[in-house]
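Since the structure comes first, as structure tokens, the remarks are kept for the end.
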Amino acid sequence: MGLTRVPRLEIESLAQFDDVVRDVPALRGWTIQDVDLNERTAVLERLDVGGALFLGCAFTPAAEQWVMEHGGLVFPRLPGTPFDPYRPSLYLARDLYDTPVYAHTLDARVYAWYAALPDNPPVESSLAMTLHDAALLEALGDRLDDHPPIVGVMGGHALNRGTAEYAAAAHLGSQLAGRGLMVATGGGPGAMEAANLGARAGSRDLGPLLTALGRCPDFRADIGTWAATALAVEEDLPPGPSLGIPTWYYGHEPPNVFANMIAKLFSNAIREDLLLRLCRVGLIFLPGEAGTVQEIFQAATASYYTPAGVIPAPMIFVGRRYWSRTLPVYPLLEALAAGRPMQDKLSLVDSPDEAADLVSRR
């Protein structure tokens with residue numbers, strides 16, 4: 001099952017609002033999201049706004065009162081949040097890294113706000129995060145209309161640039177994109193960054209890109225320099241689709257810049273479920289630690305309980321020794337899968353090249 005959406009009539013800019021109301025006398029059934037309507041009071045007062053949904057729009061006080069009195073549903077802008085709860089589009093890397101000093105970026109400001117929340121956040125903060133994640137899911141659904149088949153690449157965030165393993169993950173992303181697949185990752189550094197890089201680079205020679213990135217191998221030394229090094233590489237890459245779904249739950253892991261569709265969410269549970277639901281072509285697991293293992297068993301649980309008639313997504317593990325002995329996940333999965341449909345969907349290979357070939361054949 002992919003990202004299922006209920007079709008809606010949406011307005012996400014002032015120009016779009018003007019186009020719609022030129023021909024439409026009633027806005028029932030329309031959602032107007034994050035539009036500044038301060039200069040459209042007279043227009044609103046001649047429309048039938050009953051049943052219209054206004055999310056985070058700006059009004060004059062008189063217009064807002066009129067809309068509510070005439071049946072419009074108004075979700076106001078929420079003060080005190082460093083992000084837009086009604087954001088109508090996915091993030092780009094330069095939205096999150098909007099200033100050179102990382103501590104001042106949107107990404108860092110939002111994480112600082114999130115990390116400062118108490119265990120039981122105020123209702124307005126919880127509402128803001130929920131609205132934000134819902135808006136991002138809607139925006140992602142819009143972008144994924146008629147999308148190529150999606151394959152997930154999961155792996156550890158601690159994998160440094162400049163290593164053979166990082167290069168192998170980048171080549172994997174490149175091969176998958178070359179086979180007409182969209183690569184989706186958890187959107188963070190390490191193996192995730194490498195796979196998103198390869199997907200963006202496509203058929204380009206990865207050597208010079210990897211060399212340039214290797215000058216700043218580890219994000220933990222200085223996130224700002226790490227991100228700036230990547231942004232200098234990214235600006236010359238083609239716009240091929242590369243999806244990252246990071247989370248502020250793991251806000252100490254900065255988002256990589258090579259995903260040109262970034263759905264950064266607050267809820268890690270929604271994020272993990274979304275990744276698994278989207279990646280119906282298959283899930284490739286590179287060596288990783290606790291986060292990757294969590295993703296493995298979340299995917300395995302879904303495959304184990306797959307309803308009759310539904311084919312589980314393939315799960316391909318790269319690194320025989322790693323997944324059989326270092327973290328012996330694979331033998332346990334084999335035991336769980338015995339006699340079930342997921343049994344034929346498990347594969348253990350030695351190299352990313354084998355994983356790419358397996359995905360292509362399936």
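The condition of being more than 27 Å from A212 (Cβ to Cβ) and outside any helix (DSSP H, G or I) holds for V310.
Taking the criterion of being out of contact with any helix residue (DSSP H, G or I) (no Cβ under 7 Å at 6 or more places or on another chain) and part of a loop (DSSP other than H, G, I, E, B), the residues of region 130-170 that qualify are L144, D145, D146, H147, P148, P149, A158, G162, T163.
Just give me the residues in region 109-129 being assigned to a helix (DSSP H, G or I) and free of Cβ contacts under 8 Å to residues at least 40 places away in the same chain, in sequence order. Passing the criteria: R109, A112, W113, V123, S126. Looking for something assigned by TED's automatic domain parsing to the domain that holds L159, surrounded by fewer than 22 Cβ atoms within 10 Å (Cβ to Cβ), on the phi > 0 side of the Ramachandran plot and out of contact with any Cys (no Cβ under 8 Å at 6 or more places or on another chain) - is there at least one such residue anywhere in region 180-188? Checking region 180-188: at least one residue is assigned by TED's automatic domain parsing to the domain that holds L159, surrounded by fewer than 22 Cβ atoms within 10 Å (Cβ to Cβ), on the phi > 0 side of the Ramachandran plot and out of contact with any Cys (no Cβ under 8 Å at 6 or more places or on another chain). The listed residues are Y322, Y249, and the only one of them that is hydroxyl-bearing (S, T, Y), closer than 30 Å to L231 by Cα and assigned to a helix (DSSP H, G or I) turns out to be Y249.
When the test is whether a residue is buried (at least 21 other Cβ atoms within 10 Å of the Cβ) and of a type in the set (D, E), E235 does not pass it. Would you point out the residue of region 238-268, among those that are among the aliphatic types (A, V, I, L, M) and under 18 Å from H157 (Cα atoms), that is surrounded by the fewest Cβ atoms within 10 Å (Cβ to Cβ)? Selected residue: L265. Selection of region 52-81 for residues being closer than 28 Å to R109 by Cβ, surrounded by 14 or more Cβ atoms within 10 Å (Cβ to Cβ) and touching a residue at least 24 places away in the same chain (Cβ under 8 Å) yields L55, G56, C57, F75, L78, T81. The lone criterion from (1) of a type in the set (V, I, T); (2) part of a helix (DSSP H, G or I); (3) crowded, with 16+ Cβ neighbours inside 10 Å left unmet by I316 is number (2). Being within 18 Å of C279 (Cβ to Cβ), without any contact (Cβ under 8 Å) to a residue 60 or more places away in the chain, part of a helix (DSSP H, G or I) and hydrophobic (A, V, I, L, M, F, W, C) holds for only one residue in L333, L358, and it is L333. Among the residues of region 170-182, those identified as farther than 13 Å from G155 by Cα and either under 13 Å from the mean Cα position of the chain (by Cα) or touching a residue at least 60 places away in the same chain (Cβ under 8 Å) (or both) are H171, Q175, L176, A177, R179, L181, M182. Please verify whether region 54-76 includes one or more residues that are among the hydroxyl-bearing types (S, T, Y), assigned by TED's automatic domain parsing to the domain that holds Q33 and more than 29 Å from A232 (Cα to Cα). Yes - at least one qualifying residue is present in region 54-76. Only one entry of D23, D34 meets the criterion of being of a type outside the set (S, T, Y), at positive phi and modelled with pLDDT under 95, and that entry is D34.
Every residue, every condition in (1) over 19 Å from W226 (Cα atoms); (2) hydrophobic (A, V, I, L, M, F, W, C), yes or no:
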| site | (1), (2) |
| --- | --- |
| L55 | yes, yes |
| T60 | yes, no |
| G72 | yes, no |
| R77 | yes, no |
| V101 | no, yes |
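The one condition from (1) within 26 Å of D145 (Cβ to Cβ); (2) surrounded by fewer than 23 Cβ atoms within 10 Å (Cβ to Cβ) that A299 does not meet is (2). Residues that are assigned to a loop (DSSP other than H, G, I, E, B) and aromatic (F, W, Y) were ranked within region 59-104; the one that is nearest to D48 (Cα to Cα) is F59. Looking only at residues of region 191-225 that are part of a loop (DSSP other than H, G, I, E, B) and within 14 Å of L159 (Cα to Cα), we find that the one that is modelled with the lowest pLDDT is A221.
The values are calculated or read from the model by the stated rules, or taken from the named source; none is laboratory data. Here the structure is a predicted model, which means the values were calculated and not measured. Cβ sites come from the backbone with ideal geometry, for glycine too, and all protein chains shown count toward neighbours.
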